[in-house]
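Take a look at the structure below.
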Amino acid sequence: MANQGGENWAVDELLKAEEEANQTIKQAQKEREKKIKDAKVAADQEIVIFRQEEEKRYQAEVTKRFGNVKEEEELERKTQEELKKIEADYEANKAKVIEMLVQRVINVELEIPRVVKAQFEIKQ
């Protein structure tokens with residue numbers, strides 16, 4: 001009987017040790033998961049910072065190569081103004097030009113132009 005109590009004590013000690021080992025393993029797993037989670041958060045933060053820095057570098061390069069956005073908008077505005085002026089000139093002079101062309105087609109001069117006469121005289 002005494003032997004049986006000693007065996008129970010040994011079994012109890014083994015069960016206790018196994019329980020402690022299981023607790024240690026669970027704690028280690030939790031710590032590992034926490035470290036992985038912390039590392040992921042830190043990596044995500046670094047990625048955000050890196051992207052911001054790269055975006056700034058990209059925007060600086062775009063501005064350097066293509067000019068400022070305000071300059072582009074100003075150029076676009078001036079271009080539109082010039083197009084409107086050209087369109088207004090076209091509309092204002094369209095009738096006059098058509099009339100002039102019609103008159104040139106209807107009223108043909110039968111006289112040889114001076115430039116052509118001068119070229120004939122030079123060749124002869």
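The values are calculated or read from the model by the stated rules, or taken from the named source; none is laboratory data. Fair warning: this is a prediction, and the values are worked out from it, not measured in the lab. With ideal geometry, Cβ positions are generated from the backbone for all residues, glycine too; neighbour counts draw on all protein chains shown. In case anyone asks, the SASA skips ligands and DNA or RNA and just uses the protein heavy atoms, side chains included. Shrake-Rupley method; radii C 1.70, N 1.55, O 1.52, S 1.80 Å.
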*Scan E72, E81 and give me the residue that is acidic (D, E) and open to solvent by 100 Å² or more (accessible area, probe 1.4 Å).*
E72
*Test for K96: is it surrounded by fewer than 10 Cβ atoms within 10 Å (Cβ to Cβ), part of a helix (DSSP H, G or I) and either under 21 Å from the mean Cα position of the chain (by Cα) or not aromatic (F, W, Y) (or both)*: yes
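Is it fair to say F50 is at pLDDT below 90 and aromatic (F, W, Y)? First the steps, then the outcome.
Values: at pLDDT below 90: no; aromatic (F, W, Y): yes.
It is false that F50 is at pLDDT below 90 and aromatic (F, W, Y).
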*From K78, K34, K85, which residue is part of a helix (DSSP H, G or I), under 32 Å from the mean Cα position of the chain (by Cα) and either modelled with pLDDT under 85 or of a type outside the set (G, A, S) (or both)?*
K78
